[in-house]
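A quick write-up on the structure given underneath.
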Amino acid sequence: MKQLLCSFLVVLFISFSAIAQNKEALKVEVEKMYEASYILDYDAILDYTHPKLFDLISKEQMTQVMQNLFENEAFQIRFVHPKVSFNYGEFQKINGTDYCVINYNNAMRMTFDKKLSDEEVAEMKKSLLTSKEYEKVTYEKDRNSFFIEGKSILIGVLGEATQNQWKFVNYSASQAQLAKTILGDDVVEKLGL
């Protein structure tokens, strides 16, 4: 009986140790991914992106999409905070793959090259708030920019499809269908999103 109990405790200890190591590895990779986003290192961002995205769009095309979004002739977008606090959900194993939902507060600044009129400011602010992606949108007249704040969600994925490395999928109301295409409807539902 003592041998059975000792064996059980050893297995339990090993399981907890593996989960703790996995969570620490996830935290390191999340920090690196966020840093890549902060400095707009598109190659690194794509290296942290779930590879199934590239079945839908090539890395070259995705790089162009990001460049056009963050740095174009009309405006530039930058993340405001070099470091943010991440809240990690419970690890879930679904169909042999590990998942973790990661929440954080994000802030961006969208700076325009051309001075915006009062009407353009009002229209842009309404549009940003209507999207429900952002909780607070403030126009900074002296910078000719919008300070945009909201909650962000990342889904960490570790499994065969990611070559057993942590990869990420952004999740938001506007990107829900893309997340379902990459991960599957059942996975997104089981994650509670």
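Worth pointing out:
- Being open to solvent by 20 Å² or more (accessible area, probe 1.4 Å) and part of a helix (DSSP H, G or I) is a condition met by at least one residue of segment 158-169.
- For segment 69-91, a residue qualifies if it is open to solvent by 60 Å² or more (accessible area, probe 1.4 Å) and either over 19 Å from the mean Cα position of the chain (by Cα) or touching a residue at least 60 places away in the same chain (Cβ under 8 Å) (or both), and the qualifying residues are E71, E73.
- Selection of segment 64-86 for residues being over 18 Å from K32 (Cβ atoms) and of a type outside the set (D, E, K, R) yields Q64, V65, Q67, N68, L69, F70, N72, A74, F75, Q76, I77, V80.
- Conditions (1) surrounded by 15 or more Cβ atoms within 10 Å (Cβ to Cβ); (2) not in a loop (DSSP other than H, G, I, E, B); number of the one not met by S127: (1)
- D98 passes every criterion in (1) out of contact with any Leu (no Cβ under 9 Å at 6 or more places or on another chain); (2) open to solvent by less than 50 Å² (accessible area, probe 1.4 Å); (3) closer than 30 Å to E29 by Cβ; (4) of a type outside the set (A, V, I, L, M, F, W, C) apart from (1).
The values are calculated or read from the model by the stated rules, or taken from the named source; none is laboratory data. In this text, all values refer to a predicted model and were calculated from it rather than measured experimentally. Glycine gets a Cβ as well: all are built from the backbone with ideal geometry, and neighbour counts include every protein chain shown. With ligands, DNA and RNA removed, areas are computed over all heavy atoms of the protein, side chains included. Shrake-Rupley method; radii C 1.70, N 1.55, O 1.52, S 1.80 Å.
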